[in-house]
Amino acid sequence: MSELKYKRIMLKISGEALAGDKGQGIDTDTVNEICERISVVYKMGAEIAIVVGGGNFWRGRSGKGMDRTTADHMGMLATVINSLGLQDALESRDIPVRVQTAIEMRQIAEPYVRRKAVRHLEKKRIVIFACGMGNPYFSTDTAAALRAAEIDAEAILMAKNVDGIYDSDPSQNVNAVKYDKLSYQEYMNKGLCAIDLTAASFCKDNAIPTLVFGLNDPDNIIRAVKGEEIGTTIY
């Protein structure tokens, strides 16, 4: 426990990260690598909540010509697929997990109830929140921020395919500069887009720090919980 900087965390995993080198769908080896590190953090004593995106299957903006609400609902269902995949991989490591969905589907998961989610964490169960906020027009980044506030998480650990926040897209600009630390106000003033502005504004108003780091090395999850200086911290 002494190794932990954060006791209760919100881990946000991008859907694309679960696809590994396949680019889409779920890559079992990648999921197992991620869950092995989550298992280490769990055994260190952290209380872990997870929000996972659905971009490896579907993004709302991919539905060109489609009704936005319908497209976003399809994206929410994609997060359920990923959540169940994570649940299965974690349970195979003898870790108790509960999936809660913002849209009721009782045959496969619990409906989201804040008090129940907090109780699960107190009983050392990992809680995975699926379906985002249950409303269209909001990203899973914003859902992670909202749930983090509701469960009193000490920080949001945002695992992405890029190792931090840059002043421009590092995949397109080899001279892109990486930030080590930013205030939320600086982040919004610079018009950066590593996390959406709604989530950034919410975290600013509720004083929730966010650490953005890359999942290229799954051990970064462990380093982040220990408080090592990786990625970019927004405060």
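Figures for the structure shown
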quantity	calculated
Any hit, region 84-93, residues being touching an Asp or Glu at 6+ places or on another chain (Cβ under 7 Å), basic (Lys, Arg) and at pLDDT 95 or above	no
Helices (runs of 4 or more DSSP H) enclosed by region 1-98 - at least 3 residues per element that are out of contact with any helix residue (DSSP H, G or I) (no Cβ under 6 Å at 6 or more places or on another chain), among the hydrophobic types (A, V, I, L, M, F, W, C) and closer than 28 Å to Arg119 by Cα	68-91
Residues of region 212-235 classified as touching a residue at least 24 places away in the same chain (Cβ under 8 Å) and either within 15 Å of Lys7 (Cα to Cα) or among the basic types (Lys, Arg) (or both), total	6
Among residues of region 185-204, those that are closer than 25 Å to Leu4 by Cα and not hydrophobic (A, V, I, L, M, F, W, C), counted	1
Any hit, region 64-83, residues being in contact with a strand residue (DSSP E or B) (Cβ under 8 Å, 6 or more places away or on another chain) and surrounded by fewer than 23 Cβ atoms within 10 Å (Cβ to Cβ)	yes
Pair list, Cβ under 8 Å, 6 or more apart: region 119-142 residue among the charged types (D, E, K, R), other residue part of a loop (DSSP other than H, G, I, E, B) and surrounded by 16 or more Cβ atoms within 10 Å (Cβ to Cβ)	Asp141/Ile195
Lone unmet requirement of (1) surrounded by 20 or more Cβ atoms within 10 Å (Cβ to Cβ); (2) at positive phi for Val162	(2)
Candidate set: region 165-200, residues that are of a type in the set (Gly, Ala, Ser) and buried (at least 18 other Cβ atoms within 10 Å of the Cβ); chosen: the one farthest from Ala143 (Cα to Cα)	Ala194
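The values are calculated or read from the model by the stated rules, or taken from the named source; none is laboratory data. Since the model is a prediction, treat every value here as computed from it, not as a measurement. Ideal geometry is used to build each Cβ from the backbone, glycine not excepted, and the neighbour counts take in all protein chains shown.
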